[in-house]
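What follows is a single structure, written as structure tokens, with notes after it.
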Amino acid sequence: QVQLVESGGGWVQAGGSLRLSCAGSGIIFSFNAMGWYRQAPGKQRELVARITSGGNTNYADSVKGRFTISRDNAKNTMYLQMNSLKPEDTAVYYCNGLIPRTYSWGQGTQVTVSS
């Protein structure tokens, strides 16, 4: 059974940075395309960054140039480095596989950016 646990969220002022982590069990990240998603209040969950098994990355236009997705294969952990945060980045952030190959959603980690 795949379990995904997100951490690293918090409160930050606009322009600040946070690094999110995603620890996985029952899955080997380096064998799978994975992504970071976010869901803001009243909005649908959206994919903001993805990384293929080969290490290629892709970003939503809204975060391009500010967010960086990466993974540590030895630790089987995925990261999302978020810089130059904006209030509109406020959301619960989740890691998972890429739709339709997703697993049970974790609890996510809350990111709050104040202006």
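The values are calculated or read from the model by the stated rules, or taken from the named source; none is laboratory data. Just so it is clear, the model here is predicted, and its values are computed rather than measured. Here the Cβ positions follow ideal geometry from the backbone for every residue, glycine too, while neighbour counts run over all protein chains shown. Only protein heavy atoms, including side chains, enter the accessible area calculation; ligands, DNA and RNA are left aside. Shrake-Rupley method; radii C 1.70, N 1.55, O 1.52, S 1.80 Å.
With respect to the conditions (1) out of contact with any Asp or Glu (no Cβ under 7 Å at 6 or more places or on another chain); (2) at pLDDT 95 or above, F31 lacks only one, and its number is (2).
Note down all Cβ pairs under 6 Å where the first residue falls in segment 9-20 and is surrounded by 13 or more Cβ atoms within 10 Å (Cβ to Cβ), the second is of a type in the set (G, A, S) and not in a strand (DSSP E or B), and they're at least six residues apart or on different chains. Every condition considered, the pairs that remain are A14/S115; R19/G8; L20/G8. Among the residues of segment 26-47, the ones that are free of Cβ contacts under 8 Å to residues at least 40 places away in the same chain and either open to solvent by less than 50 Å² (accessible area, probe 1.4 Å) or of a type in the set (A, V, I, L, M, F, W, C) (or both) come to 1 in all. Here Y93 passes the criteria (1) closer than 11 Å to L20 by Cα; (2) modelled with pLDDT under 95 except the one numbered (2).
Within segment 89-106, track down each residue that is surrounded by 12 or more Cβ atoms within 10 Å (Cβ to Cβ) and either outside any loop (DSSP other than H, G, I, E, B) or not hydrophobic (A, V, I, L, M, F, W, C) (or both).
Pass one, segment 89-106, residues surrounded by 12 or more Cβ atoms within 10 Å (Cβ to Cβ): 89-98, 102-103, 105-106.
D89, T90, A91, V92, Y93, Y94, C95, N96, G97, T102, Y103, G106 - these are the residues of segment 89-106 that are surrounded by 12 or more Cβ atoms within 10 Å (Cβ to Cβ) and either outside any loop (DSSP other than H, G, I, E, B) or not hydrophobic (A, V, I, L, M, F, W, C) (or both).
Taken over segment 63-83, the residue count meeting the criterion of being surrounded by 14 or more Cβ atoms within 10 Å (Cβ to Cβ) and either of a type outside the set (A, V, I, L, M) or not in a loop (DSSP other than H, G, I, E, B) (or both) is 14.
Hey, can you tell me all the residues within segment 14-35 that are under 15 Å from the mean Cα position of the chain (by Cα) and either assigned to a helix (DSSP H, G or I) or closer than 14 Å to S104 by Cα (or both)? C22, A23, G24, F29, M34, G35, listed by residue number.
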